């Protein structure tokens, strides 16, 4: 969960490169299909689409 929160904090602060690294790592670790995982996927999709 710490990796998720690091990625989300970096996203809010505008450090998208670091956010992508942490959120991608979170998805590698955390396999439960729930709100945490779906939110990480949504944010990664936003960054890939340049929707911040």
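Couple of notes before you dig in:
- Hits in the chain (condition: in contact with a helix residue (DSSP H, G or I) (Cβ under 7 Å, 6 or more places away or on another chain) and not in a helix (DSSP H, G or I)): 30, 52
- Residues in region 14-26 that are over 8 Å from the mean Cα position of the chain (by Cα) and closer than 11 Å to residue 47 by Cα: 14, 15, 16, 17.
- The residue list 11, 30 contains one member that is within 11 Å of the chain's Cα centre (by Cα) and surrounded by 13 or more Cβ atoms within 10 Å (Cβ to Cβ), which is 11.
Computed from the coordinates by the stated procedures, all read-outs in this text should not be read as laboratory data. Every value quoted in this text rests on a predicted model; they were computed, and no experiment measured them. Cβ: placed from backbone, ideal geometry, glycine included. Neighbour counts: every protein chain shown.
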